[in-house]
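S.K.: Dropping a structure here in structure tokens format, bear with me for questions.
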Amino acid sequence: MLRFDSLLLRSVLALLGLVLVAGPARAANQIESVAIASESAGEVVLDVVYSYEGDQGSNVAISAVMAHDGKASQHYAYRPGRVEPGRHRTRVALSTAQGAPDIFSTNQIEVAMYVGGGAAFLKRQFSFAKTWSRPGAALPGVIRFAELRPRLALQRRPQAELEQIQPLEVLGPPDEAGQAGAIDRRVLPDGSVELHYADGTIRRRFAGGETITRPDGTSSTMLFQNAQPPTPPTAPPDPAHANWLDAENERLLGIIGTLVGHDEQSIQNYLEREGAGRTVYERIEARTQAVGWLVSP
């Protein structure tokens, strides 16, 4: 009897030792839920709850791509959501790209977790029917009405079907620093844009990505995966069109000036970076991109 009890005790102690050595299991990488934080004719902001165990490094983000019947659209652009180890919430803005048609439709959104500059290592697809339109595009009345319809709540579907993205009914603050308060917008000599937030966060946007520097001095860089916009026309416009295009360029430059608070140094930085060798179409493309960097939160 004593020998049996000793063997049982040793077995229990050995099992406890294995549990102590192994430690608690790490949470698996997971996109837990996706909800609509806000929506307009040309953009959807997604609120994403995720878990990340840190096994892919520190330069990890979440993307969103619009698709139709499983095929990714060529007309999307997104602002990625920052990913940190643990269970958090972040936001991803999915919008129409430069050069997109005035109106087009898709029926799916793919949300993915990826390493900056690399391929996605985790994906989830959702059913999401939407008619997209570029800012300023003239929409037929029936489409304007359709855009006001509320989205259906998230439901568990059979494996053969896609999930439905839900509207966000109760939403806490996004997992992004420095969103509250006035934003100081600047154009740097290299043509990139800096946004200075009230809490000390600095967001620098440049072609193909952005760098976020937090109040504690830590920073992270994310690379965007935007679809390539169409190449500007090479042929010079006729005189009538040239006058309109020049006026449009002046309007865009005026918008840039307003966004940077009419800061002369920022305006000069932009003009020097733009240079004098661009065609009228290339200037419109560059100024539209700069405005997009400046107005994004």
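S.K.: Select from segment 264-297 the residues that are among the acidic types (Asp, Glu) and more than 28 Å from the chain's Cα centre (by Cα) and write down the one among them that is nearest to Gly99 (Cα to Cα).
M.R.: Taking the candidates together, the pick is Glu272.
S.K.: Taking the condition assigned to a helix (DSSP H, G or I), surrounded by fewer than 18 Cβ atoms within 10 Å (Cβ to Cβ) and modelled with pLDDT of 90 or more, does Gln289 pass?
M.R.: Judged against the criteria, Gln289 is not a match.
S.K.: Residue check: is Glu84 crowded, with 16+ Cβ neighbours inside 10 Å and either part of a strand (DSSP E or B) or at pLDDT 90 or above (or both)?
M.R.: no
S.K.: To continue, here is another question. Quick one: Leu223 ticks every box in (1) surrounded by 12 or more Cβ atoms within 10 Å (Cβ to Cβ); (2) at pLDDT 80 or above bar one, so which box is it?
M.R.: (2)
S.K.: Does Val280 count as in contact with an Asp or Glu (Cβ under 7 Å, 6 or more places away or on another chain), surrounded by 12 or more Cβ atoms within 10 Å (Cβ to Cβ) and touching a residue at least 24 places away in the same chain (Cβ under 8 Å)?
M.R.: So Val280 fits the description; yes.
The values are calculated or read from the model by the stated rules, or taken from the named source; none is laboratory data. Bear in mind the structure is a predicted one, so any value in this text is a computation, not a measurement. Every residue, glycine among them, receives a Cβ derived from its backbone with ideal geometry; neighbour counts consider all protein chains shown.
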